[in-house]
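Every number in this text was worked out from the coordinates using simple rules, so none of it is lab data. Since we're looking at a predicted model, the values are computed, not measured. Every residue, glycine among them, receives a Cβ derived from its backbone with ideal geometry; neighbour counts consider all protein chains shown.
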Amino acid sequence: MYLSTSHKADKRKSTRSHPHHRKRIPCPACPFERLIDAGEYIRSKTYAPGDEGYLEADYYQKCSKCKADIGIKKIE
């Protein structure tokens, strides 16, 4: 008895029907345009090392281009 597996090979992972709306947050220390992605309605402020407010940032992300640790603060 042989089982047919041809129908399994044709299955593909379905994609979501709704698009993701993301905006790019640029690096403040260099011209790199995509430090991280954020939700469409999320507002953030970025700080380069040495800027006022850098130490009070909510989280930090290393820029892949200039290797600076960028402070990011979420604004309500």
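Sequentially through segment 54-66, phi angles give Karplus couplings (6.51, -1.76, 1.60; θ = phi - 60°) of 4, 6, 9, 5, 6, 8, 10, 9, 7, 6, 6, 8, 9 Hz, Gly and Pro residues having no value and appearing as x.
Estimated at 0.36 nm per residue, the fully extended path between K62 and A48 surpasses their Cα-Cα distance by 4.0 nm. Estimated from the Cβ-Cβ distance and a Förster radius of 25 angstrom, the FRET efficiency linking H21 and L55 is about 0.20.
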